[in-house]
Amino acid sequence: MVVDAGGVPVAATLTGANRHDVTQLLPLVDAIPPIRGKPGRPLRKPREVLGDRAYDSDPHRAALAERRIGESLARRNTEHGSGLGVYRYVVEQTLALLHQFRRLRVRYDRRDDVHEAFLSLGCSVICWRRLNHGFF
């Protein structure tokens, strides 16, 4: 899941439970839709991607650099305290909001399309709540 600085889901994909998150970094960045609403051309890519140590790899850093996207990915085998935990909290909070929907907390559906539909619905509800109530 990709969220903006306010915790609004921007893009989400469904994968198997045995897949590592880092395999979805570039597809999620590519799945970000154009962001409209401000004067000028729509923003098509984020300025910067934040991630924890799981996303630390030179090929992903190079791919983000090719897309002209800045990265603040924590490095492995370094001391804790990079300061990214404050920003990572926004993503974790959005995931916790998704888990409030019982259908998404524990996956009972065998069909991927049904579960993905409920994931989209949950993201839509979170977007509506965030944008309607002004949590920025």
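Derivation of every value follows stated rules applied to the coordinates shown; laboratory data play no part. For clarity, every value in this text was computed on a predicted model and none was experimentally measured. Virtual Cβ from ideal backbone geometry, glycine too; neighbours counted across all protein chains shown.
Miscellaneous remarks
- Of all residues in the range 1-58, those being under 13 Å from the mean Cα position of the chain (by Cα), among the acidic types (Asp, Glu) and over 25 Å from residue 117 (Cα atoms) number 2.
- Applying a threshold of 9 Å to beta carbon distances and a minimum spacing of six or more residues, or different chains, the list of pairs starting in the range 112-135 at a residue that is in contact (Cβ under 8 Å) with a residue 12 or more places away in the chain and ending at one that is among the basic types (Lys, Arg) and in a loop (DSSP other than H, G, I, E, B) reads 115/107.
- The residues listed here are 6, 16; of these, the one that is loosely packed, with under 13 Cβ neighbours inside 10 Å, in contact (Cβ under 8 Å) with a residue 60 or more places away in the chain and not charged (D, E, K, R) is 6.
- Within the range 1-29, the set of residues being hydrophobic (A, V, I, L, M, F, W, C) and in contact with a helix residue (DSSP H, G or I) (Cβ under 6 Å, 6 or more places away or on another chain) comprises 2, 3, 8, 11, 12, 14, 22, 25, 26.
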